[in-house]
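Colleague: Have a look at this one before I ask anything.
Read-outs throughout are calculated quantities, based only on the coordinates presented, and are distinct from any laboratory measurement. Just so we're clear, the structure is a prediction, and the values are computed from it rather than from any experiment. Virtual Cβ from ideal backbone geometry, glycine too; neighbours counted across all protein chains shown.
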Amino acid sequence: MKTLTKSLMVLITTTLVACTAPSIFSPETLKGVDPNFDFAHWRMVPNQADAKKIQLGGRIVQAETKGDSITIVTAQLPIVQHPAYGPKDTGKRSGEFAIVYQGKIDPSFLQPGNRIMVVGTTHAPRVVSVDDLPKSLPTVLAACVHLWKTGGRDIADFPSYGAGYETLEEDTFCTSTK
């Protein structure tokens with residue numbers, strides 16, 4: 001009887017874990033994130049009076065490192081749950097934004113096309129050069145970023161098991177300052 005009870009508990013726990021939404025960032029990092037953040041409105045009015053803590057996903061357009069500061073120009077993509085958790089290219093262009101991260105990140109993670117998620121606070125627009133043209137982009141000061149080395153492909157294109165499949169490298173980077 002004890003074996004049946006233990007087996008049932010394992011099955012229930014596994015089912016509950018499988019049904020919960022995955023999370024890349026810790027609950028502490030996500031505390032205070034605005035669940036109703038309107039990216040389109042922020043793009044139109046980036047000089048909001050109050051900074052908001054947000055979570056966004058996207059595809060890296062370009063990245064520039066100066067000392068310990070990295071500016072990542074990102075094309076916004078929605079964060080989806082299925083078929084794989086993370087930013088997914090739906091074919092609809094929502095616009096670009098800049099991420100400013102204070103710290104070091106392996107340059108191979110910052111290649112154009114790689115997927116990214118960020119948790120941080122909104123900030124005044126920043127002028128960046130994209131394709132040799134200056135652009136004023138709404139900016140997120142990053143607390144944490146999570147990057148996938150997708151090379152422009154969707155995360156779901158990388159099965160995580162079986163022989164002969166490419167593994168998808170990913171990592172999370174968080175600033176040391178609060």
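Colleague: In Å, what Rg and Dmax follow from the Cα atoms of the stretch 24-174?
Modeller: Rg, Dmax (Cα atoms, Å): 15.0, 52.
Colleague: Work out from phi, with θ = phi - 60° and the Karplus expression 6.51 cos²θ - 1.76 cosθ + 1.60, the ³J(HN,Hα) of each residue of the stretch 133-145, listed in order in whole Hz, and give x for Gly and Pro.
Modeller: 10, x, 10, 9, 10, x, 10, 10, 8, 6, 8, 9, 10
Colleague: May I ask you to sort ASP131, ASP154, ASP106 by Cβ crowding, counting other Cβ atoms within 10 Å and putting the fewest first?
Modeller: ASP131, ASP106, ASP154
Colleague: Could you sort out which of LYS66/LYS92; LYS53/LYS135; LYS31/LYS135 sit more than 26 Å apart by Cα distance in this structure?
Modeller: LYS66/LYS92; LYS31/LYS135
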